[in-house]
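Structure, as structure tokens:
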Amino acid sequence: MDAESAVTTSDGYSLSAMTYGDATTAKAGVLLAGAMGVQQRYYAGFASWLAGQGYFVATFDYRGMGRSRPERYRRSLRGFQADVDDWARQDTAAMVDFMAARVSGRPLLWVGHSLGGQIFGLVPNRERVSAMLTVATGSGYWLENSQRLRLYVWWLWFVAVPLAMRLTGYFPGRRLRKIGDLPRGVMTQWRRWCLNREYVVGAEGEAVRRDYAAVRTPICSLSFTDDEYMSARNIESIHGFYAAAPREMKRIAPADVGEERIGHFGFFRERYAKNLWPLASAWLGRFAAAALLALGLGGSARPAAAGDGLALTPPMGWNSWNKFACDVSEKLIKETADALVSTGLKDAGYEYVVIDDCWQVSREASGRIVADPVRFPSGIKALADYVHAKGLKFGLYSDAGTGTCQKRPGSKGHELIDARTYGEWGVDYLKYDWCNTEGQDQRDAYIRMSQALRKSGRPIVFSMCEWGSSRPWLWGQGVGHLWRSTGDIQDCWDCGKSWGGMGVVHIIDQQAELYPYAGPGHWNDPDMLEVGNGGLNPNETRAHFSFWALFAAPLMSGNDLRAMAPETLAVLSNREVIAVDQDALGMQGRRVRDEGAKEVWMKPLADGARAVILFNRGTEAGDVAVNWEDLGFFPEGKALVRDLWKKADVGVMQRRYETKVEPHGVVMLRITAQAGEGRE
Ligand code: GAL
């Protein structure tokens, strides 16, 4: 059922909003922000269809438009005061609050058609929105509009608009059969954007550019190859302004969905209900589910960006398993802590010393866990004290089941006492495995230990290790700080792809789609490092370490730090690569170009630069190129390229950079657009 509401903005304006669906039972809210000059009734069919999919949906008219156009301005908008800023900062903000209140405790999603996706960065309360789907949203920069529109847009911006506004005091689009009537202020501001190479962020200045760059809301872009207004370049550049947001770019040709034409406006027509609308609802459904779980646990209407303040950057340290398996002892741990300091790895950021499986042997009658008295004669507390005295942190391992993977006692039924014991011992990090858990549910089991750790009296980083089996990226935020996303790593490039483990390249491939789920306090964990364990050649070793950094993965070295080859130390302590991993923005990188054996991957960094991996999967050396366009930079601009393994600037390049990449190897770069070339 649809209903009309009057929504009042904070500057006192009354807007018309239509809602569809039942707010009390809906799984999520969807706010539909319309295109320039398009009235909300145009979206009615799509809105009511979405309501049928279980959403509570609202459309609205921006002030001065459609049903939000005051009666006395019915005939002419002359004298009506409004600009695009009012539409974004007032009208849309009021709609966000209106919707958030109606669906409180459940996620609010945003569907932006064209302008509706462009203004998101201006909306002050946009953090209440969990995800945004943009439809035909691109920059309106006139020189990037599609070729066949050039003459028309020239005429529009330099003749029709200035002339019509001078004569009538507004933009009389209805009479001109162009766009629809628009208030003078709206048209003036929008024209400024369209004439600026960087559209809204170029026209509005640094503060606005920063606002766009700070958006972290996951975005899915649907765009259409036959859009008569938006070229591929327009689409890329607006989404490039949302530099920190995880983005999925879907470009659809009408033929892909059995159509002849979609264009700029087509998507919302009912004839596409069967082939295009389900694409939108599938993506919205995915994010509604993820956001709902995050909300459910946090109990607040807004998922905390970084939870409890732990692991704001991916944890770094050392773990015993990859090299030593069950051969752990007090001596090994002390010598490793010493080595972290003496090799300089501690100074490079490695912090946690974690004992994996096999430190525990039994339980006391009271239920308290007992460490192996032969291997750890001084006890775990004394060992943790030793590690702390070095300025490092200390971690342990347990398992959600009845026994660990090596058949030591698990924590099932002993979560509280174990967590309390860890707290007393001074544990800073717990890796929690998933063997021997028959009949248990991952989420329940990890929540149980997460809650127990919270009562332990110590801040403890919680590393969840259920091998990605229940897709923990969908529910793990707020439960743990990191979650394994695959089976065990093996010390090889492309061996075994079974649950017994897999080589580095298979793990890389399994991370590709997980980038939207990582962020400060909640990381995907592609498993511990095999650097220095002998199974990878030097190219493969650098590729392994580079990808882990690009993935914002935990960097847990897994080799013998007491006897390292200088090459191993050089890889582990490459500070420029580590800085990519530890970048404060906390974004996981993603693949932006895939040409078979040659790929380009990109991670946006806090200062606007991009970390880039040129990857050659092949068995022979070959050239790999990155175009600035792949990075969300201006396609024709200039950028400084720095090689992070050579630790040297390559130079200022225009448009692209191409270089030779060794087989199974990478070239890792940091690319910074030059001032005045698209980004500061
Ligand atoms: C596996 C886990 C490994 C290691 C091992 C110990 O399940 O994935 O990283 O902890 O158990 O037995």
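So the values come out like this:
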quantity	calculated
Acute angle (nearest 10 degrees) that the helix 380-389 long axis makes with the longest principal axis of the chain, alpha-carbon atoms	60
Cα Rg, Dmax (largest Cα-Cα span) when computed across the stretch 521-680, Å	15.4, 49
Sulfur and carbon atoms: percent of accessible area, the chain [1.4 Å]	50
Global geometry of the stretch 617-669, whether rounded, prolate or oblate, following the gyration tensor of its Cα atoms and the 1.5 cut on a/c	oblate
Cross-link pairs beyond the 31 Å C-alpha cut-off, checked among 323/407; 178/638; 431/598; 393/598	178/638; 431/598; 393/598
Cβ-defined net charge surrounding residue 482, 10 Å radius [Lys, Arg +1; Asp, Glu -1]	+1
Pairwise centroid distance, computed over Cα atoms, of the stretch 319-369 with the stretch 628-659, Å	41
Residue 658-residue 73 pseudo-label distance in nm [points 7 Å out on the Cα-to-Cβ vector]	5.3
Rounded D (µm²/s) - the stretch 533-579, Kirkwood Rh over Cα pairs, Stokes-Einstein at 10 °C, 1.306 mPa s	143
Of all DSSP beta bridges in the chain, antiparallel share, percent nearest 5	55
Where only C-alpha atoms are counted, convex hull volume of the stretch 408-471 per residue in Å³	84
Average accessible area per residue (Å²) across the chain - probe 1.4 Å, nucleic acids and ligands excluded	37
Under 15 Å, Cβ to Cβ, from residue 650 - net charge with Lys/Arg +1 and Asp/Glu -1	+4
Principal axis box of the chain, alpha-carbon based, largest edge first, Å	92, 55, 45
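The values are calculated or read from the model by the stated rules, or taken from the named source; none is laboratory data. These numbers come from a predicted model, not from an experiment. Note that we place each Cβ from the backbone using ideal geometry, even for glycine, and neighbour counts take in every protein chain shown. With ligands, DNA and RNA removed, areas are computed over all heavy atoms of the protein, side chains included. Shrake-Rupley method; radii C 1.70, N 1.55, O 1.52, S 1.80 Å.
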